[in-house]
Every structure is written in structure tokens, then in C-alpha cells.
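Input: a single structure, listed below in C-alpha cells.
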Amino acid sequence: MADTPPAQAPRFTVTARKYRPQTFDDLVAQEHVAETLRNAITRKRLAHAYLFSGPRGVGKTTAARILAKAVNCQTPLAERERAEPCRTCDSCVAFEEHRSLNIIEIDAASNNKVEDIRELRDTVRVPPQGANKKVYILDEVHMLSASAFNALLKTLEEPPEYVLFIFATTEPHKVLPTILSRTQRFDFRRISVPEIVDRLGAICAAEGIAADEESLVLIARKADGALRDALSLFDQAVSLCGQSLEIGPLRTALGVVDSDVYFEATSRARTGDRAGLLSLVDHVVRSGHDLNEFVLGLAEHFRNLLVARATQSGDLIEGTEATRARYLDAAAPLTEADVLHLLMLAEAAAHDLRESRHPRLTLELALIKMASLESAADLRHLLDRLSARAGTLPASGG
């Protein structure tokens, strides 16, 4: 009797693909785009070419796929809620299973020559098979050469009625004006930290992963407005920390400097503790942290202090309630001028570090300058006293 082959473990799918939005409602933070596209489908005012622009990882290509799926959905429009694709008809299923012949995705970064566009123009002449539209999605369209753009112009201006072009780009300023004028442009926005945290929280609930709020905020902030980056970091965090994400191990795993270090740097700068600041640099170096990342984090820390001092509120600070309260307490003994001075020094240090041959020395010098705040404050006090005394001196005789 033959041996029974062992059952194969289910194949792992990265979170960004597993939870990629499949309908307009699923898109995160791009309601203005989703609503306009829904209306265009419902009112039969669909353009022949669209340009989706915005930062990386915010849903441009995903929105293009949803639009392509919605315009070719075989379920009558009256039976679909808000023009969403039904996801059950043959056309929707074929697309989601990557076997649709009517929706063509092209990477313009690697297909950017005139010959590639000529080939595209030849395929445009072939009508869609069993669908309303033949949709071309060109990702990173700004990578097309100037001659390739020019070769596309005539087709883009007067395409067959059954053709829909959707261009996606992170750099719309590199797209020729003649192309821009033939498209409807949608600008996708960066995704805020609370919106990313909400999405991560929903995924944690679906996957049975425990995560504290600080951990999700850390991932969201490190993603810098890109949900795809946040989901990649989330996968990395789960691989390193397991089914329970906690802020301490997560900081270590992602190589993020503990926020306590930044608060300590502020305290030592305020009291003029130069030796303490040099020890702090030594701790950062020994911990293996990148000095450029440390300085950028320090600049963001000072920015939060300035916001807390200027507004007397933590509403504009990205973080948990406990983090906002901590910034308000730390900003109280500082003046706006002092925090602004610290922020300017941190920004200058970030610039100098990029070109420095001795990054540690550059950082140490910047922190020692920060420790001179107290002396600067004493000098202002002395000048005020001298001005007051000068006002009481008798005028000199002529």
C-alpha cells in the first residue's frame, strides 16, 4: 500500500494581499475618489481615461482594479448597491482569479518603450470578449519615455468606445501635459495614523492577534501614511513577536528608539547636562540604532512638544491619550522659543548627518548646542536687567 502523502500546510499570503480591498466601500481614506467613481458609473458618465496620483501604498492600483471590475460586472446596475461590483458573476470571479482577458495590467516601469505602446495600440483594436469594457491599467505611468507618451496620444484622445484607460503614478508632475489634459485626475491622500490603526485593529480581530494600542500606533506612524507599508510592518511584527504584539518587544524588533530616550534628551538639554547627553549618544550607538533615524525621531519629538506648548492641547499629536498627556506635562516648563530652538537644531543636525564623515561627533555637537539653552535664557535675563537699568540712568550732558 502506498504511503499517504502528508497534508500540505496552507500557503501563507501576506496581509496586504489577503486584505486588499475588493469594493469601493473597502477603500481606506479615499472616500472622495470612491464616491465620484460610483456616481460616474451610476449616472453613465464614465470617462475614457483616468489618472490616479498620490503617495505609495494608498490604494491607487487597488482603486483601478475595483473600477475595472465594477464597469464589467454582469449583474444589472439596478441590483447592485451603489454601483459596487457583485463579486459573484462570471466577470468578477474571473478577474479575482486572475484569468480575465478584458482587464490588462501593464507595468509602465518595465514596458516604457515605443515598441511596447505600439503593441498596446494593436491590442486596443480587439473588442472585449463577453464584457462591457476593455480596461488597461498602467502602473507607474510616469516611467514611460517621452516618445512612448507621444505614441499613446492619438489612441488616448480617440479610443474605441469599449476601451477604458486607468493610469496610476506617484509622480504626476512627470506625466506630459498633453496626457494630463486627456484624463480625469484623482489625487489620493496619505492615510492618517488613526485610520491605519483602525484598519490594523480590524485585521488583528480577524486573525486572532492581540495588540495593544501603542503597538498599532507605532506601526502606523512608521508607515508614514502608506497602508501597504503598515501591513508589511505588521507582518514583520507578527513574525518576530508572535500572536501578541506589545510595545516593548516591538520597539526592539523594529529598531525603534524608545520614546523615553527623547524625553530624557529634552530634560537634560533643559538643565544643561552635557555629560548626560553624551552618555545618551553612547547608549544610542551601543544599542545599534541608526543615528539618522534617531535625529529624525528627535525632531518629531520636539515638533510634538512645540504643538503641545503652542496649543495647550494634544489633539494634533499622533499617539495614545497617555502619550498626549505626557507631552503636555513635558512642554509645561519650556517656552515656545526654547522648543523652537531645539527643533531648529535637530533639523540642522539631520541635514548635517547626511553628509557627515563622523556622524557620532556631529550628533554630539548638536546635543551640546541644545544644552546651551539655559545659558541663552540667562543671557536674555541679563540683557533685560541691563535694559531696565539703562532706563534709570541719568541722561548724559551735552
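Odds and ends about this structure:
- Residues that are assigned to a loop (DSSP other than H, G, I, E, B) and β-branched (Val, Ile, Thr) do not occur anywhere in segment 104-122.
- The listed residue being open to solvent by less than 70 Å² (accessible area, probe 1.4 Å) and within 25 Å of Glu161 (Cβ to Cβ), out of Gly130, Gly59: Gly130
- In summary, Leu278 fulfils each of the numbered conditions (1) open to solvent by 40 Å² or more (accessible area, probe 1.4 Å); (2) without any contact (Cβ under 8 Å) to a residue 60 or more places away in the chain; (3) not charged (D, E, K, R) with the single exception of condition (2).
- When the helices (runs of 4 or more DSSP H) confined to segment 148-225 are screened for residues that are within 24 Å of the chain's Cα centre (by Cα), those reaching at least 2 such residues are found at 193-207, 213-223.
- Pairs where the first residue, in segment 141-161, is within 18 Å of Ala109 (Cβ to Cβ) and the second is of a type in the set (Ser, Thr, Tyr), C-beta under 6 Å, 6+ apart: Val141/Thr169; His142/Thr169
- Among the candidates Ser239, Ser259, Ser313, the residue that is in contact with a Lys or Arg (Cβ under 9 Å, 6 or more places away or on another chain) and free of Cβ contacts under 8 Å to residues at least 24 places away in the same chain is uniquely Ser313.
- Val14 falls short on exactly one of the conditions (1) of a type in the set (Val, Ile, Thr); (2) over 17 Å from Pro85 (Cα atoms); (3) surrounded by 20 or more Cβ atoms within 10 Å (Cβ to Cβ), and that condition is (3).
- Qualifying residue in segment 58-76 (condition: in a helix (DSSP H, G or I) and at pLDDT below 90): no
- Condition met for Ala131 (out of contact with any helix residue (DSSP H, G or I) (no Cβ under 8 Å at 6 or more places or on another chain) and small (Gly, Ala, Ser)): no
- Which listed residue is on the phi > 0 side of the Ramachandran plot and not in a helix (DSSP H, G or I), from Gly319, Gly314: Gly319
- Scan of segment 42-54 for residues that are outside any helix (DSSP H, G or I) and surrounded by fewer than 16 Cβ atoms within 10 Å (Cβ to Cβ), ordered by number: Arg43, Lys44, Arg45, Ala47
- Meets criteria (basic (Lys, Arg), open to solvent by 50 Å² or more (accessible area, probe 1.4 Å), farther than 30 Å from Phe165 by Cβ and out of contact with any helix residue (DSSP H, G or I) (no Cβ under 8 Å at 6 or more places or on another chain)) for Arg286: yes
- Subset tally (residues that are open to solvent by less than 40 Å² (accessible area, probe 1.4 Å) and either closer than 26 Å to Lys60 by Cα or assigned to a loop (DSSP other than H, G, I, E, B) (or both)) for segment 230-262: 9
- The sole residue among Glu96, Glu140, Glu115 that is surrounded by 13 or more Cβ atoms within 10 Å (Cβ to Cβ) and out of contact with any Ser or Thr (no Cβ under 7 Å at 6 or more places or on another chain) is Glu96.
- Once segment 77-93 is narrowed to residues that are part of a helix (DSSP H, G or I) and without any contact (Cβ under 8 Å) to a residue 12 or more places away in the chain, the residue that is surrounded by the most Cβ atoms within 10 Å (Cβ to Cβ) is Val93.
- Within segment 177-186, if we keep just the residues that are open to solvent by less than 80 Å² (accessible area, probe 1.4 Å) and of a type outside the set (S, T, N, Q), the residue that is nearest to Gly57 (Cα to Cα) turns out to be Phe186.
- Test: residue in segment 303-317 that is surrounded by 16 or more Cβ atoms within 10 Å (Cβ to Cβ), charged (D, E, K, R) and within 24 Å of Pro359 (Cβ to Cβ): yes
The values are calculated or read from the model by the stated rules, or taken from the named source; none is laboratory data. Keep in mind that this is a model prediction, so the values were computed, not measured. Glycine also receives a Cβ, built like all others from the backbone with ideal geometry; neighbour counts cover every protein chain displayed. Just the protein is used for accessible areas: all its heavy atoms, side chains included, with ligands, DNA and RNA removed. Shrake-Rupley method; radii C 1.70, N 1.55, O 1.52, S 1.80 Å.
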